[in-house]
Each structure stands twice: as C-alpha cells, then as structure tokens.
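The structure appears below as structure tokens.
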Amino acid sequence: MIIRTDAVVVTCIDYRLQPLLDEWIKTQLGYGNYNRVAFGGSVKNWDTVFSQIEMSRRVHSVNRVILINHQDCRAYGAEDSYERHLHDLRQARDSVLERIPDVAVELYYLWLDGRFERVD
C-alpha cells in the first residue's frame, strides 16, 4: 500500500528558522501532508538531499518538491551569499526535474526576518 503525501520540503537544520518554517509549512501544507528533510545547508549537500527526495517519491508518491535555503547559513561559511543560494537552488531544481520530470519544484529563500521569497 502506497501512502501519498503532497510534498517533500527540504530545509536547513538551523534552530533559528524552525518557528518560521513550522508556521509557513502549516499554512502552506497543513500537518501530516508532507515529508520534511533537514540538512545543514539545505541543498548544499545535494547528493544526500536528493536521495531523500527520491525516497519520498518512491515511498510516498510526492508530486511536489519544495526547496528552501536561507540568509546567513553557517553551513555555507565564507561562500554564503544571496547569489550563491539562488544559484544552488536553481541547480537543485534542474537536477530534480532532470531525474523526476513530472514533479512540481518550488524554490524559496528565507530571510531571517521571516520573509519567504519565491525564487524563479
């Protein structure tokens, strides 16, 4: 029996973000309708993150992938910049769509003031 969830949400583990992410996810998806994957740097460690996306697809038939990077990500260290995050998010989206072309992929950049910026 396949249990469906609508989405897999990939975020960073940063403790500063958890209240913001919890509220946003609740508003966007509700509870119990998504898989949440959290790794330091979010999409920075792509091979590990993608394996979790693939598992979510295989096990729970997700049809939506939400990737969220954030301002002042310590996992990026000296490479942390708005431009770098946008680049990595877009590259991650392209990788997902190349391997799983029938899913929707949404990208967001989370500012520490709580704003979720949709990335095209």
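Observations on the model:
- Within region 1-27, the set of residues being outside any loop (DSSP other than H, G, I, E, B), in contact (Cβ under 8 Å) with a residue 24 or more places away in the chain and polar (S, T, N, Q) comprises Thr11 only.
- Residue list for region 1-32, filter: among the polar types (S, T, N, Q) and surrounded by 13 or more Cβ atoms within 10 Å (Cβ to Cβ): Thr5, Thr11, Gln18, Gln28
- Pairing residues of region 92-120 that are without any contact (Cβ under 8 Å) to a residue 40 or more places away in the chain with residues that are assigned to a helix (DSSP H, G or I), at Cβ distances under 7 Å and at least 6 apart in sequence or on separate chains, gives Val119/Leu86; Val119/Leu89.
- Note on region 49-94: among residues that are charged (D, E, K, R) and outside any helix (DSSP H, G or I), the one that is surrounded by the most Cβ atoms within 10 Å (Cβ to Cβ) is Asp80.
- Note on region 28-48: residues that are part of a helix (DSSP H, G or I), under 10 Å from the mean Cα position of the chain (by Cα) and of a type outside the set (S, T, N, Q) amount to 1.
Laboratory data are not the source of any read-out in this text; all were calculated from the coordinates shown. Source: prediction; values computed, not measured. Quick reminder, even Gly has a Cβ in these numbers, built from the backbone with ideal geometry, and neighbours come from all protein chains shown.
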